[in-house]
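The values are calculated or read from the model by the stated rules, or taken from the named source; none is laboratory data. Given the structure is predicted, the values throughout are model-derived calculations rather than measurements. Cβ: placed from backbone, ideal geometry, glycine included. Neighbour counts: every protein chain shown.
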Amino acid sequence: MLTMALRIIWDRALVFWRREEGLSTAELLGNAALAVVALLAIWAVLQALGTDIVGWIRNQLSSQLK
């Protein structure tokens, strides 16, 4: 009885997870646009702080080696 109930729950979960009606083209394009914006923001931050971060890492490493 318990195994049958678990089997039914498992089968319904698989049907729910395998639905293909999910994302439309507009949603995918929106997600891609957000990813591009996030990458540009990360790039801008690294560009602005990159030399400072590299210098800090270099100082930390050189102080550890002494």
Quiz item: Among (1) surrounded by 10 or more Cβ atoms within 10 Å (Cβ to Cβ); (2) modelled with pLDDT under 80; (3) among the charged types (D, E, K, R), where does ARG58 come up short?
Solution: (2)
Practice problem: Give the number of residues within the stretch 12-35 that are modelled with pLDDT of 75 or more and surrounded by 10 or more Cβ atoms within 10 Å (Cβ to Cβ). | Solution: 11
